[in-house]
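The values are calculated or read from the model by the stated rules, or taken from the named source; none is laboratory data. Since we're looking at a predicted model, the values are computed, not measured. Positions of Cβ are generated from backbone atoms using ideal geometry, with glycine treated the same way; all protein chains shown enter the neighbour counts. We work out accessible area using only protein heavy atoms, side chains counted, and drop any ligands, DNA or RNA first. Shrake-Rupley method; radii C 1.70, N 1.55, O 1.52, S 1.80 Å.
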Amino acid sequence: MKVNIIGIGAGSPAHLTLEAIEAMREVDVFLVADKGEVKADLVASRRALCEAHLAPGSYRFVAVDDPVRGPDAERDRAQYEAGVADWHAARARNYAEVMRGLAAGSVVGFLVWGDPAFYDSTIRIVERIREFIDVEPHVVPGITAFQALAAAHGIVLHQVGGPVHITTGRRLVDEWSPELGTTVVMLDGHLAVQRLVDRAGDSRIWWGANLGLPSQQLRSGRLAEVIDEIIATRARVRADHGWVMDVYALG
């Protein structure tokens with residue numbers, strides 16, 4: 001069974017590439033994780049992309065129950081990695097069960113926020129699906145959140161000839177140093193950067209939430225001067241929408 005893993009960008013319909021649209025048009029069934037009502041508008045955004053580019057009736061969406069994931073913040077590294085592996089396996093089983101019931105020759109699609117290669121689990125989960133059924137994955141790249149962040153702020157992420165370090169909020173405080181160059185931080189649900197104010201207060205931060213969507217918010221400035229506003233803005237976006245996707249660069 002062919003599986004198209006399609007990067008759809010950071011939220012804007014304009015982020016779709018021609019390759020992504022072509023891959024979407026091959027799909028008979030799009031599988032989406034059912035994460036409850038608070039994230040239903042993320043599914044709605046995916047539906048809107050399909051409605052804009054695909055013929056009515058040429059595809060359908062199937063929501064698949066998403067396994068409960070444990071409290072990552074309370075786990076050490078070994079527990080975290082084991083928990084993620086268990087979560088991937090449970091997701092793979094749920095998807096495989098649905099895929100077994102599809103008509104022969106069906107093409108399955110996953111619409112991945114951003115790019116499937118950066119801090120997304122879909123490629124790994126599809127590899128786990130191979131433990132249950134035979135699949136042929138095809139990956140289409142998408143615009144990443146940090147590309148959208150740089151464009152929204154009108155900046156170059158690196159100094160001339162310098163590096164860019166990409167990490168997670170979970171690792172930021174322990175590994176940050178000025179020698180890393182610009183540090184891009186993803187998956188930071190607790191804004192760990194606030195713990196660097198004493199060490200890096202003069203560093204500049206470029207922050208963005210819900211990039212490419214009507215709810216987009218941008219803030220930038222010296223870390224020590226803007227961190228409180230970023231914390232408040234992030235909380236407001238989450239309260240208004242039930243979720244928030246944010247990313248930032250520190251340099």
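Spin-label model, Ala78/Gln216: points 7 Å from Cα along the beta carbon direction are separated by 4.4 nm. The distance separating the Cα centre of the stretch 184-251 from that of the stretch 1-35 comes to 28 Å.
Using the 1.4 Å probe convention, the accessible area of the stretch 2-140 works out to 52 Å² per residue with neighbouring protein chains retained. The length gained by stretching the chain between Glu51 and Ala232 to full extension, at 0.36 nm per residue less their Cα-Cα distance, is 61.7 nm.
Rolling a 1.4 Å probe across the protein heavy atoms gives the stretch 145-250 an accessible surface of 49 Å² per residue. Counting protein heavy atoms only, the chain has 50 percent of its accessible area on carbon and sulfur, 1.4 angstrom probe.
Given labels modelled 7 Å from the Cα in the Cβ direction, how far is it in nm from Ala63 to Phe132? Simple spin-label model gives 1.9 nm for this pair. Note that the chain carries a Kirkwood radius of 19.4 Å, evaluated over its alpha carbons pair by pair.
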